[in-house]
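Below is one structure; the comments refer to it alone.
The values are calculated or read from the model by the stated rules, or taken from the named source; none is laboratory data. If you're wondering where the values come from, they're calculated on a predicted model, not measured in any experiment. Virtual Cβ from ideal backbone geometry, glycine too; neighbours counted across all protein chains shown. Just the protein is used for accessible areas: all its heavy atoms, side chains included, with ligands, DNA and RNA removed. Shrake-Rupley method; radii C 1.70, N 1.55, O 1.52, S 1.80 Å.
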Amino acid sequence: SLRRDHLHILETGGWMGRTGERFLREMPQDAELLVCELEPERAQECITRLNKVVNYKRWVVVQGDILELLIRLPDHSVDFAFVDDNHNAEHVDHEVTLLMPKMTVGGIICFHDVFGAYNLQRVVEKYGGYCLDLPALGSSGGLGIIQVRESTRDV
C-alpha cells in the first residue's frame with residue numbers, strides 16, 4: 001500500500017463544522033483535514049468553528065462542489081474519507097467512482113445515513129463495503145464502511 005508521512009482526511013459535506021471539529025480534535029498532530037461544503041454559509045460556519053480549535057493542526061475548508069474537487073485531487077492522496085454531502089444514491093455512486101482512485105490502498109471511506117430515508121446500502125455494497133444499521137436520530141442513520149483494496153478501485 002502507498003503510505004505517506006502523514007494522514008490525509010477528507011470530509012464531504014461540512015454542514016456546520018461539527019464533524020470537522022471532531023476530526024480536528026482527534027486526528028494526529030501531523031494529519032491534514034480537507035472539508036468540502038457546497039453552500040457558502042455552511043462553509044463559512046465550518047471555518048468559524050474550526051478556527052476555534054486551537055491545536056495547530058492543518059486544515060482547509062473548500063466551498064464548492066465535491067465532484068469538481070475530486071477531479072482535481074491527486075490520485076492516492078486520501079487516507080480516510082467521510083461522505084456526508086448529497087445523499088442521493090446516484091450522486092453518492094458518482095462520488096465514490098471519482099473518490100476511489102484518490103484513496104490510498106487500505107484507506108477507509110465511511111458514509112453517513114445509509115439506512116432510512118436515504119437507503120444507500122446498495123451503493124456501499126457495490127464497492128465491497130458493509131453497512132451498520134445503527135440507531136437513527138431522525139429519518140435516517142447507520143454507517144457505511146469501505147476499505148479500499150487494489151481490486152475495488154476498478155469497480
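Taking square-rooted eigenvalues a ≥ b ≥ c of the alpha carbon gyration tensor, is region 40-106 rounded, prolate or oblate, where a/c under 1.5 means rounded and, failing that, a/b exceeding b/c means prolate? It is oblate, given that a/c is not under 1.5 and a/b is not larger than b/c. Note on the chain: antiparallel DSSP beta bridges, both residues inside, total approximately 35 percent of the bridges counted. Here the simple spin-label model places points 7 Å from the Cα toward Cβ, and for LEU134 and VAL60 these points are separated by 2.9 nm. Partners of LYS102 within straight-line reach, counting lysines whose Cα lies under 25 Å from its Cα and excluding those fewer than 8 residues away in the same chain: LYS57, LYS126. Computed log10 I(q)/I(0) for region 1-84 at 0.11, 0.14, 0.18 Å⁻¹: -0.26, -0.43, -0.71, from the Debye equation with unit scatterers placed on every C-alpha and solvent omitted. In this simple spin-label model, placing a label point 7 Å from the Cα along the Cα-to-Cβ direction at both ASN119 and GLN29 gives a separation of 4.9 nm. Accessible surface for ARG18 stands near 150 Å², nearest 10, in the context of the full protein assembly shown (1.4 Å probe). Accessible surface of the chain, 1.4 Å probe: 53 percent of it comes from carbon and sulfur atoms.
Bridging of LYS52 to aspartates and glutamates at a Cα separation below 20 Å is possible for GLU11, GLU21, GLU26, ASP30, GLU32, GLU37, GLU41, once same-chain residues fewer than 8 apart are set aside. For the chain, the Kirkwood hydrodynamic radius from C-alpha pairs, put into Stokes-Einstein at 4 °C and a viscosity of 1.567 mPa s, yields a diffusion coefficient of 83 µm² per second.
Between VAL105 and HIS91, the modelled labels are 3.3 nm apart [label points 7 Å from Cα along Cα→Cβ].
Based on protein heavy atoms only, the chain ends up with 53 Å² per residue of surface accessible to a 1.4 Å probe.
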